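Encoded as structure tokens, the structure appears first; notes follow it.
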Amino acid sequence: MPEVLMNGNSAIAEAAIRAGCQCYFGYPITPQNELSEYMALNLSRRKGCSFVQAESELAAINMVYGASAAGVRVMTSSSSPGISLKQEGISYLAANELPCVIVNMSRGGPGLGSISAAQSDYFQATRGGGHGDYRTIVLAPSSVPELAEFTHRAFDLADKYLVPVMILGDGMLGQMMEPVAFHHEAPEVFSVRSRSLRGAKGRPSRIFKTFTSKPAELEELNWSLFRRYQLIQKEETTSEAFLTDDARLIIVAFGIAARIARGAIKTVRAEGLKVGMLRPITLWPFPTEAVKEAAKKTKQFLVFEMNMGQMVDDVKLALEGKGKVSFYGRPGGVIPTPSEVARVISRIYVQEGLT
Amino acid sequence: MKKVYTRPKSLKPAVFHYCPGCGHSIVHRLIAEVIDELGIQEKVVGVPPPGCSVFAYHYFDVDMLESAHGRGAAVATGMKRANPDCIVFTYQGDGDLAAIGTAETVHAANRGERITAIFINNAVYGMTGGQMAPTTLLEQKTTTTPYGRDLKVEGYPIRMSEIIALTRGAVYVERTAVNSPANIRKTKKAIKKAFQTQIDGLGFALVEVLSPCPTNWKMTPRESWQWIDDVMSKEFPLGLIKDETGNKNAG
């Protein structure tokens, strides 16, 4: 299929339909409305599919829970304040081992915040977000083609590991337009997961539940989930290295911040500064080993995020003290330019005596 | 020998954990009888709530999906939308359906979701130990209204069925009780009609059941039956609230 020019939100929706998403439940919030609107236009009338504009994000995520239990591919999307509301349902989905895809086109916070792009939901996304011991896989795309590609991957990962998968984008990725090609055709016939509740026909009745009055039984569930999480950490951790081979300073940035950092690195490289970037693609599982590996070449790291410093904690945990970590962040929905980040890089490069 | 009474197929051979005199056991049995009689056991998915009936999934021999508190109508919506062939019922208490889950219930009803809601109103939060429910009566004492529910402080008991009946997507709403053999028979008829409404694809159906909670009402089972007649049904009048099924005799 030839490339088409699309905004990020619509690209996710199109990719989801092509990945066999059968149900979409959402509630309006800026800056992700194009996603819901695309689904209303293109998914709602498809055979076997359903679109509901829910009465709240709470209702939407619980519809996701019901549809996932019925064994179909299902997704929801929102932005930061709405994602906070969804946390109850995400916890239940994780506990009941129900796959789904959740998109967070995040915006500035806390509170109602701003509608401009921010990365301040990193902690919420990577620590589970709701109550209880669980994690969700978190993918961080940095372009519209990646939004499409990662959406497909998100559905596959969710089904493979029976976990909720979050795509953590931001308002800028959702709104900006780029050429994108879709490499899958939407299925004609939908498959249903065998682990589902569709009525006990020809088999004993099933229960999907999370409550137990026996702590030891719940501990067993916790252990079983964490064994799976360990497997995910082993198998699915992804990151991208950019010009790291000779780098004396390595930028660590994800999502749209990595895109900005890439421009900044090109600028400083032209001035002879040996700077590279490590870009986590899965935020959970975090690419700890890749950070450790990078620390074999240089001890100097600069973490750049569009928040007050969240992923920087994971970088420090990965380094275990074996590297020096600087941080530069712009919160609140402020989007720094590549030249601003280039100036920061240059200053740190000089201050740390890397010239 | 002719068998005149037996455990419904849609109930597992389990012992209910409910208190003596509790209405849950009766309503569970009625739902199971209805599922048997309609021949839909293989298509049913039940959505039980947190609360005293959280273990309902241990009793019904149908697929069961635990819901978060109050979200039953949303969960059932997702289930039914993903698989319109299944028959979905929620089983919800007064705190669940009429307090924390008000929005989900009203909007599922308004959308005319083809689901069946069984609403147990016992005017109290049972499992958590007898706190005030949205349906607690004026002057009724609970652990959080120790001096009696005061209109000026806690407001009026909420008549959720009447609210639901105002939504145009709700096609069948009836309030019944399980405090006498006659009322139990009426409750079964209403439950059957609520399932039939879904089978016929007509819209949202809700049956509110006034149900005794002798433990938290601090009454004997016999007194609790009497209290439903003398006090509770004055606030929550029994009978048909709305029927737009065009099927007046079903059930």
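Descriptive notes on the structure:
- Most positive-pole-ward Cα, B:Ala68, B:Gly148, B:Val54, against dipole of the stretch B:24-243 from beta carbon charges: B:Gly148
- Solvent-accessible area buried by B and A, counting both chains, probe 1.4 angstrom, square angstrom: 2700 Å²
- Accessible surface, per residue, of the stretch A:75-212 when the full set of protein chains is kept, probe 1.4 Å, Å²: 35 Å²
- Rolling a 1.4 Å probe over the protein heavy atoms gives the stretch B:24-243 an accessible area of 34 Å² per residue.
- With the charge dipole of the protein assembly as shown set up from +1 on Lys and Arg Cβ and -1 on Asp and Glu Cβ about the Cα centre, the Cα lying farthest toward the positive end among the listed residues B:Met232, B:Gly169, A:Phe286 is that of B:Met232.
- For the stretch B:1-79 and the stretch B:91-148, distance of Cα centres in Å: 19 Å
- Put A:Met6, B:Met79 in order of accessible area, highest first, and with a 1.4 Å probe you get A:Met6, B:Met79.
- Centre separation in Å (Cα based) which lies between the stretch A:1-74 and the stretch A:268-333: 34 Å
- Total charge dipole magnitude, the stretch B:24-243, about the Cα centre, Cβ charges on Lys, Arg, Asp, Glu only, Debye to nearest 20: 300 debye
- For the stretch A:68-149, trypsin sites (Lys or Arg not before Pro) are listed when DSSP marks them as loop and at most 15 other Cβ atoms sit within 10 Å of their Cβ; the list is A:Arg127.
- Approximate spin-label separation A:Gln351-A:Glu235, in nm, with each point projected 7 Å along Cα-to-Cβ: 4.3 nm
- Threshold 20 Å², the stretch A:62-97 residues less accessible with all protein chains present than alone (1.4 Å probe): A:Asn62, A:Met63, A:Tyr65, A:Gly66, A:Ala70, A:Glu88, A:Tyr92
- Per-residue average of Cβ from other chains inside 10 Å of B:39-48: 4
- Reducing the stretch B:208-251 and the stretch A:107-137 to their Cα centroids gives an inter-centroid distance of 45 Å.
- Checking the Cα-Cα distances for B:Lys188/B:Lys218; A:Lys234/A:Lys292; A:Lys274/A:Lys299 against a 19 Å cut-off, the pairs over it are B:Lys188/B:Lys218.
- For peptide A:200-211, the mean count of partner chain Cβ atoms within 10 Å of a residue's Cβ comes to 6.
- Bridging of A:Lys47 to lysines at a Cα separation below 18 Å is possible for B:Lys80, once same-chain residues fewer than 8 apart are set aside.
- Charge dipole (debye, nearest 20) of the protein assembly as shown; +1 at Cβ of Lys and Arg, -1 at Cβ of Asp and Glu: 960 debye
- Figure legend: label point modelled 7 angstrom from the Cα of A:Phe211 along Cα→Cβ; residues of the stretch A:68-108 with amide N under 18 Å from it are A:88-97.
- With the charge dipole of the stretch A:4-236 set up from +1 on Lys and Arg Cβ and -1 on Asp and Glu Cβ about the Cα centre, the Cα lying farthest toward the positive end among the listed residues A:Gly8, A:Pro28, A:Phe190 is that of A:Phe190.
- R0 of 45 Å, Cβ-Cβ distance A:Val189-A:His131: FRET efficiency to nearest 0.05: 0.75
The values are calculated or read from the model by the stated rules, or taken from the named source; none is laboratory data. This one's a predicted model, so the numbers in the text were calculated from it and none came from an experiment. In this analysis, Cβ positions are derived from the backbone assuming ideal geometry, glycine residues included, and neighbour counts consider all displayed protein chains. Only protein heavy atoms, including side chains, enter the accessible area calculation; ligands, DNA and RNA are left aside. Shrake-Rupley method; radii C 1.70, N 1.55, O 1.52, S 1.80 Å.
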